[in-house]
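Asker: Take a look at the following structure, please.
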Amino acid sequence: MSFIFLAGIAAALVFFWGIRIVRPTQRALIERLGKYLRFAEPGFHWIIPVIERLILVNTTEQMVDAEPQEIITNDNLNARVDAQVYFKVKSDETSVKSSQYNVNNYQWQIVNLARTTLRNIIGTLTLKSANSERGKINTELHNTLRSETGGWGIEIVRTELKEIDPPKDVQETMNKVVKAENEKIAAVDFATARETVADGEKRAKIKEAEGTRQARILQAQGEAEAIKLVNEAAEKYFVGNAQLLRKLEAMESALEENTKIIVPSNADLVNVVGDLAGVLPVRKKSADSSHENASGH
């Protein structure tokens with residue numbers, strides 16, 4: 001009984017020892033005595049301890065840093081360049097096998113391949129063009145890595161240039177140039193704004209002058225119209241009556257000082273005033289009429 005019990009315990013230990021769990025973000029390769037046996041999907045798996053081996057492979061997106069390096073540009077300047085590479089192992093059986101059997105330590109290989117590719121690309125560019133063509137460098141680096149790692153079962157998702165830094169003295173010179181350009185642009189913008197304001201003020205003054213001119217023209221036209229009406233009145237009432245006009249002006253001057261003037265009813269001046277005012281003068285009764293009335297009584 002004791003032998004059976006010990007055998008049972010040993011079997012249980014071997015069983016638990018051989019249990020393997022593959023997570024959803026992983027795929028696995030099972031080898032037996034150094035030979036590939038089968039592909040393991042996510043879930044529960046059991047292997048024979050010591051005889052079989054399970055190799056887990058991460059299939060999620062990963063990132064490796066190409067690490068900063070000094071690269072001599074085409075204009076003989078030392079640029080400090082760094083980049084990042086995003087990749088993942090494809091989840092099918094062939095790709096997972098290729099990532100383990102076709103390349104030794106694919107992460108380390110990707111880093112070295114990225115560094116070499118960056119030296120080849122940036123070495124043909126000037127520092128200025130390298131900074132202005134980051135998108136082109138990213139595209140070339142991505143295409144090169146994708147073609148070189150095609151047999152590794154790896155997908156290069158994207159590449160990103162972290163920095164392309166020139167030497168310190170060159171950077172200071174470039175900063176001064178950029179500052180000068182910005183100041184130049186600001187000065188041009190300020191001059192343009194001042195010119196716009198000056199044009200606006202000029203147009204406002206022109207409009208103001210035109211308004212004043214138009215007002216004076218209208219005023220002159222009004223005065224001319226008034227003079228015309230006066231002339232028409234003068235021609236109507238005083239043509240050939242210059243003497244009467246002088247009398248009327250003398251009477252107007254006198255009336256301004258509240259002077260009382262008695263004018264005979266049959267005077268020409270009364271007739272003129274009456275015509276102008278629209279009234280008739282009051283006539284005195286004759287002496288004969290008065291006598292008749294008296295005799296009647």
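Asker: Under a Cβ-only charge scheme (Lys and Arg +1, Asp and Glu -1), can you give me the dipole magnitude of the range 1-141 about the Cα centre, in debye to the nearest 20?
Answerer: In debye, rounded to 20, the range 1-141 gives about 320.
Asker: Separation between the Ala11 and Lys162 pseudo-spin-labels, each 7 Å from Cα along Cα→Cβ, expressed in nm?
Answerer: Between Ala11 and Lys162, the simple spin-label model gives 5.6 nm.
Asker: Kindly put Thr159, Thr73 in sequence by how many other C-beta atoms sit within 10 Å of each C-beta, fewest to most.
Answerer: On the way: Thr159 24, Thr73 20.
Placing the least packed residue first, the sequence is Thr73, Thr159.
Asker: Quick one: Trp108, Trp46, fewest Cβ neighbours within 10 Å first, how do they rank?
Answerer: Going from sparsest to densest Cβ surroundings: Trp108, Trp46.
Asker: Between Ala226 and Thr196, how high is the FRET efficiency from 1/(1 + (r/R0)^6) when r is the Cβ-Cβ distance and R₀ = 41 Å? Nearest 0.05.
Answerer: 0.35
Asker: Oh, and also: Which net charge results for the neighbourhood of Gly135, defined as the other residues with beta-carbon distances under 13 angstrom from its beta-carbon, given Lys and Arg at +1 and Asp and Glu at -1?
Answerer: 0
Asker: Grab the other residues whose beta carbon is less than 14 angstrom from that of Ile47, score K and R as +1, D and E as -1, and report the net.
Answerer: +3
Asker: Leu37's amide H: which non-local residues (gap 5+, or another chain) put their own amide H closer than 5 Å, with H modeled 1.01 Å from N in plane and none for Pro or chain starts?
Answerer: Amide H neighbours of Leu37, under 5 Å, 5+ apart: Ile30, Glu31, Arg32.
Asker: Turning to a different aspect of this structure: With the cut-off at 30 Å, tell me which of the pairs Lys202/Lys228; Lys205/Lys228; Lys97/Lys162; Lys90/Lys162; Lys184/Lys205 have Cα atoms farther apart than that.
Answerer: Values: Lys202/Lys228 38 Å; Lys205/Lys228 34 Å; Lys97/Lys162 32 Å; Lys90/Lys162 26 Å; Lys184/Lys205 32 Å.
Pairs exceeding 30 Å: Lys202/Lys228; Lys205/Lys228; Lys97/Lys162; Lys184/Lys205.
Bear in mind these aren't lab numbers, they're just calculated from the coordinates by the rules spelled out. Everything numeric here is computed off the predicted structure, so don't read it as measured data. We place every Cβ from the backbone using ideal geometry, glycine too, and count neighbours over all the protein chains shown.
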